[in-house]
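Below: the structure, in structure tokens.
The values are calculated or read from the model by the stated rules, or taken from the named source; none is laboratory data. Treat the numbers as computed from the prediction; the structure is a model and nothing was measured. Note that each Cβ is placed from the backbone with ideal geometry, even for glycine, and that neighbours are counted across all protein chains shown.
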């Protein structure tokens, strides 16, 4: 059985989600042929304090976004990042070599922008000649660390990403535009809206707004939820609001105790997001690339309520300029936009644009090309 190692880091949920999507696609497309393992390289195979990087990522992003933006701008300078990695590499070399010894991969897939340089150094200086490919898990904002000319393939999700890869020295033959790997449920045939609503116990024929705070329930979700409920109730629209709080139990409990002027459902972390997206008329969420890609597959208009500086900034114009949604940070402004959508005909146009951009089979297409590369 051929062994494939997917290297990532839990700096945001999108990297692991894409890794798991690829792992599932290998199992579905080529059952029994590949052993695919996912490794958080920073946490599991680097020494202290480097291994603390994933742990501090979420607190910095949530509570000190100014610091994250400063770090992003600093390490956007290739020389600055390369200097730091050259200092870190001697500290991490032996531990990272353990990853190769433990897994003995026939091919390595990176789904994180800080994996390329360190791991390719390791393979070049100490490891066996192992094929290495990159799967870029961003849509429109790209750290230069994603693009290394020694990667045999670089799989990207947008024309903007392909252009960025070319600017960083990759040749056209190395770059493959196949989409962003998303959870396997989104690659299945999705039910129509009425069926999805019936399965979730929702009333058909009403306007349903879906408010998602991501896996960690980040951002002003409560303020947005209350503003949306007030605005939709004031218009007299026959509407429902669904709030997905992720793992933020404090937020979930607070919203479940609230009084609402219209029907509202509040949920914690859910494992059937494709059903909620299929049932909804629009989604309000921060500009995470995975959520955007999933919404496009579902033909779901998107209202972006915020973004992580640097890595998600480009997703805002991606959504707006492609005609699949809008952007607003103010809870009252968000409520006004959704209220206008509920009473107008713009949703149908945005939904059609979204479906044109959606790539439900990206993970399978990427896996097929990786296997072709291995067999070639």
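Would you please list the contacts, defined by Cβ atoms under 8 Å and residues six or more apart or on different chains, that run from a residue in segment 98-110 that is touching a residue at least 12 places away in the same chain (Cβ under 8 Å) to a residue that is buried (at least 19 other Cβ atoms within 10 Å of the Cβ) and assigned to a loop (DSSP other than H, G, I, E, B)? Close Cβ pairs satisfying both conditions: 98/45; 99/45; 100/127; 110/151.
In segment 178-204, the qualifying residues are those that are surrounded by fewer than 16 Cβ atoms within 10 Å (Cβ to Cβ) and over 18 Å from residue 299 (Cβ atoms), and the one that is farthest from the chain's Cα centre (by Cα) is 203.
Every condition in (1) surrounded by fewer than 16 Cβ atoms within 10 Å (Cβ to Cβ); (2) farther than 30 Å from residue 361 by Cα holds for residue 228 except the one numbered (1). Do we have residue 130 as in contact (Cβ under 8 Å) with a residue 24 or more places away in the chain, in contact with a strand residue (DSSP E or B) (Cβ under 9 Å, 6 or more places away or on another chain), more than 18 Å from residue 85 (Cβ to Cβ) and not assigned by TED's automatic domain parsing to the domain that holds residue 23 here? When the stated conditions are applied, residue 130 does not pass them.
State whether one or more residues within segment 360-372 are assigned to a helix (DSSP H, G or I), free of Cβ contacts under 8 Å to residues at least 40 places away in the same chain and within 30 Å of residue 1 (Cα to Cα). Walk me through it before giving the result.
So the first thing to find is which residues in segment 360-372 are assigned to a helix (DSSP H, G or I), and the list is 362-372.
Imposing the further condition that a residue be free of Cβ contacts under 8 Å to residues at least 40 places away in the same chain reduces the set to 372.
Applying the additional criterion that residues be within 30 Å of residue 1 (Cα to Cα) yields 372.
Yes, because at least one residue in segment 360-372 is assigned to a helix (DSSP H, G or I), free of Cβ contacts under 8 Å to residues at least 40 places away in the same chain and within 30 Å of residue 1 (Cα to Cα).
Quick one: how many residues across segment 43-94 are touching a helix residue (DSSP H, G or I) at 6+ places or on another chain (Cβ under 7 Å) and over 21 Å from residue 143 (Cα atoms)? Summing the residues that are touching a helix residue (DSSP H, G or I) at 6+ places or on another chain (Cβ under 7 Å) and over 21 Å from residue 143 (Cα atoms) in segment 43-94 gives 6.
Could you say which residue among 254, 293, 234 is surrounded by fewer than 17 Cβ atoms within 10 Å (Cβ to Cβ) and within 24 Å of residue 348 (Cα to Cα)? If you could, list the steps in order and put the result at the bottom.
Numbers: 254 fails: within 24 Å of residue 348 (Cα to Cα); 293 fails: surrounded by fewer than 17 Cβ atoms within 10 Å (Cβ to Cβ).
The match here is 234.
Could we say that residue 209 is under 24 Å from residue 261 (Cα atoms), surrounded by 20 or more Cβ atoms within 10 Å (Cβ to Cβ) and over 27 Å from the mean Cα position of the chain (by Cα) here? Considered against the rule, which asks whether it is under 24 Å from residue 261 (Cα atoms), surrounded by 20 or more Cβ atoms within 10 Å (Cβ to Cβ) and over 27 Å from the mean Cα position of the chain (by Cα), residue 209 comes out as no.
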